[in-house]
Amino acid sequence: MATEEELPEAAAAPAPAGGGGGDDAEMPDAAVPSGSHSDSSDSDSDDEAATAAAELRIQALEKTLQEQPLDYETHVQYIQCLRKAGNIEKLRVAREEMNKYFPLTPKMWQEWAKDEISLSSSEESFGDIEKIYGHGVQEYLSIKLWRDYLDYVEEHDHSVSQCTPSGLSKMRNLFESAITAGGLHVTEGSKLWAAYREYEMAILITIADANDEEREKQVQRIRMLFHRQLSVPLADMESTLAEYKSWEAEQGNANDPGADFDGVPSNVVSAYKKANDMYNERKQYEDQLSNAGTFEGDKLQQFMKYIKFEEASGDPARVQVLYERAVSELPVSSDIWMGYTSYLDRTLKVPSVVRSVYYRATRNCTWVGELWVHYLLSLERIRASEEELQHVFERAIQCTFSTIQEYFNIYLTRVHGLRRRISDGLDFQLIRQTLTDAAEFLSSQLSTKELLRLYAYWAKLELSLGKDLSAARGVWENAIKKSGSVFEVWEQYILMEIKMDHVHEARSLYKRCYSKRFAGSGSEEICYSWIRFEEENGTLDDYDLAVKKVTPRLKELMTFKSQEEAKVEAYPNLNDNSNANDSSQKRKPSNNKQQPPAKKRKENPPKSTMPSDDQGSNVQSGHSGAVTDVEVGGASREKVMASIEMKVDSDSRTGKSSSNEPKPSFYNDNCTVFVSNIDLKANEDDLRRFFSDIGGATAIRLLRDRFTKKSRGLAYVDFLDNKHLEAAIKKNKQKLLGKKVSIARSDPSKGKKSREAGQTSQDNLPPSGGDDAKATGSSGPDNEVPKGDAKTIGKNTLFAPRALVKPLGWTNKDEKKPDVAGELKSNEEFRNLLLKK
């Protein structure tokens, strides 16, 4: 909070004491007479300049507040400037305006009350000033503000000062409120008790001439105040006990001042000793708080330790007072407010207290979305009205939060509450409007997972509560308009129709989306999903139609994937100019053009891997034709996949990869980490969130199985620069979804050398095409990769950097792996091998 010393000079300048300088102030310097008159003129000019500067400062602050009404510091500076300028009317409005958005500190309430008192002490103004004090003591616990409040009412309320019955009752009720609020304050609570006793003693003096019964009643009231205070663990209890004994002696009850408990009732002695023991237990915490200094982190730590101790003691009143002390000294600490509100929800559960604390918490920490969520839930528990819930919700969504997830949670909490109370007569239109607002506000920023949750929940409520099928479909149609390229949106829409046995509508959706391009394996999944759907729900004609439509699409996808993999395979070996056995031998220049990878594998394809005669003619004859219905007519997903795989493999061996295809992205791993031991359930979003605290991630590549598309537990993450890269490496051995992941810098050159030197007998993948493609351990053409020898490499390349990873392909015939093509006896065996891979 800004202090007067922190204000700019123009704002901190004192208000002018007098008026302008008259005509003399406008005279040129040369014309101003010397002497005292000149000094006076200079002084007036300085006053005018200060006044003008202060006015300009006030105008600038007013403009800022019009544009940014939630700027706390500007409010504070504006009030201080107006107070110095003596502009009381504007000052009153400024304070009221600030209090609409923020709580005021106890000092600001004291200044407000004193300013109003200095203006008028009439009965008309008493009510307004009393309200100022009343609002002030509700914001934060301040013993000093309570004392000012009590003194003001005692002095200025005529009914109190004249000791009328209504005045006495009012004052005693006010004292009891003060004791409830701060009477348990260990270090300062005794000030409130003392003020209460002094007031009752003053009344005793005024009724000295009253009858004995009335006087004795007043004496007993004072005695009970002493007894109550002596049973509370407060600082300086010995002085209170001595004062009590002295007072009893004045009332004629003689006692020995040298004996601690002489003349004190036994029950009071027992309570006093217990309270004193409690104080001694808490004294160490009080000392630590007083020694914590001004650093908020230290003070927060000490408060949390103290609060934990009080909670273990089990006295809710003491815990509440300690929380009030904490939030008074650390008003913007979300940890304290979260702990305070959670404690009240668990333990106290008093509606008026819970409502008040949550209201103050959200005014102090407007940016904490979790507080607003708990606030809405708490209001629902205490059966608050719909108007109050709506008001709190609207306040919440107008705040500024650090993440979109916090807005999302608030919207969902509101919808959940409306759903639970729909039986109370609420209109379903409230739910629909809230979800509509959420979709419009959040859809462009939510992740796919959260967006699907929103739309699926909305559609479900339209069906279950709104009883409107067209509205539920409208939800998904709107989702498709905004996110039609997301596979999961179509999947959930179709699933809704299937659950309601709307076979025709589900089939229509499959026809609309099977040819769309989705990320990852979504394009393939939707095709296989359609086939399964027709197997389980459709007629044979429906099934045949689905197969007929998806087969060309699957072939297109497999062809594209094969071509991309073949291109990626060629990249790591473009600069390979040495072999494992003779590192000094350079690659010989060649006048022959380098053959593409597909052409290298074109000649002498392995006969054992070809389909049967009938099918083989179909596969090899039509370069542009799709796999016929006969080929996959009775196939399940696995049969369709195997047939398409053989067709694509045949096309790649016959050189049908398009020369016009764009080159695939090539990653040099210059600023990349390799992440292993990832939980198999983790996806790219999980990895993105894992690295979100350091930032700088530009791409995430999660390695997946070729056919199952399931995660292999490995990933590469690219970063903007080495600074972010080093920060990512420091997260090594941290947990992601409960598993400690290993993170290391990706080194392509190191990976290539290890493959050349250490994996020659297992994983030595030859370069693809041209005279540069030499087998490991030789330099002559006799050791080139034999054209047509098919080898499967399985998962031996899992841990190589991406620049060296090769897909399922062809290996050197000198390797000791079994000749798969020679050993397979039928197409069925080949297809099963592909499925296992």
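The values are calculated or read from the model by the stated rules, or taken from the named source; none is laboratory data. The model shown is predicted, which means the values in this text are computed figures rather than measured ones. Using ideal geometry, Cβ is built from the backbone for each residue, glycine included, and neighbour counts are taken over all protein chains shown. Keep in mind that these areas ignore ligands, DNA and RNA; they rest on the heavy atoms of the full protein, side chains included. Shrake-Rupley method; radii C 1.70, N 1.55, O 1.52, S 1.80 Å.
For TRP372, what is the net charge nearby, where nearby means another residue's Cβ is under 12 Å from its Cβ and Lys, Arg count +1, Asp, Glu -1?
0
7 Å from Cα along Cα→Cβ at both VAL503 and ALA271: what's the point-to-point distance in nm?
Once both label points are built, they end up 8.2 nm from each other.
Only sites in a loop by DSSP and with at most 16 other Cβ atoms within 10 Å count here; which chymotrypsin sites (Phe, Trp or Tyr not before Pro) in region 361-461 make the cut?
Here the sparse-neighbourhood loop sites are TRP367.
On a 22 Å Cα-Cα criterion, which of the cross-link pairs LYS549/LYS681; LYS449/LYS516; LYS467/LYS499; LYS481/LYS555; LYS710/LYS739 come out too long?
Over 22 Å Cα-Cα: LYS549/LYS681; LYS481/LYS555.
For the full complex of protein chains and a 1.4 angstrom probe, list LEU469, LEU174 by accessible area with the highest value first.
Ranked list, largest accessible area first: LEU469, LEU174.
Over region 669-745, give the accessible area per residue in Å² for a 1.4 Å probe, as an integer.
Values: 3970 Å² over 77 residues.
That works out to 52 Å² for each residue.
At 1.002 mPa s and 20 °C, plugging the Kirkwood radius over alpha-carbon pairs of region 669-745 into Stokes-Einstein gives what diffusion coefficient in µm²/s? Kindly include the intermediate steps, with their values, before the conclusion.
Numbers: Rh = 12.3 Å.
Estimated diffusion coefficient is 175 µm²/s.
Cut-off 19 Å, label point 7 angstrom out along Cα-to-Cβ of SER447: give me the residues of region 511-528 whose amide nitrogen falls inside.
Of the residues in region 511-528, 519-522 have backbone N under 19 Å from the label point off SER447.
Taking all protein chains together and a probe of 1.4 Å, list ASP747, ASP427 from the most accessible to the least accessible. Before the final figure, lay out each step's value.
Working: ASP747 65, ASP427 95 Å².
Putting ASP747, ASP427 in descending order of accessible area: ASP427, ASP747.
Nearest 20 debye, what's the magnitude of the dipole of region 669-745 about its Cα centre given +1 on Lys and Arg Cβ and -1 on Asp and Glu Cβ? Could you put the intermediate results ahead of the total?
Details: 17 positive and 10 negative charges, 80 e Å.
Its charge dipole is roughly 380 debye.
At 1.4 Å probe size, put PHE261, PHE102 in order of accessible surface, largest to smallest.
Largest accessible area first, the list is PHE261, PHE102.
Expressed in nm², what is the orientationally averaged projection area of the convex hull enclosing the Cα positions of region 129-265? Before the final figure, lay out each step's value.
Details: hull surface 34.8 nm².
The directionally averaged projection comes out at 8.7 nm².
Compute the signed sum of charges (Lys and Arg +1, Asp and Glu -1) over the other residues within less than 14 Å, Cβ to Cβ, of GLU440. Before the final figure, lay out each step's value.
On the way: positive: ARG432, LYS481, LYS482; negative: ASP437.
Within the 14 Å Cβ shell, the charges total +2.
Cβ under 14 Å from TYR133's Cβ, TYR133 left aside: what net charge do those residues give with Lys, Arg +1 and Asp, Glu -1?
On the way: positive: ARG95, LYS107, LYS114, LYS131, LYS144, ARG147, LYS170; negative: GLU111, ASP115, GLU116, ASP128, GLU130, GLU139, ASP148, ASP151, GLU154, GLU155, ASP157.
Spelling it out: positives minus negatives among the neighbours equals -4.
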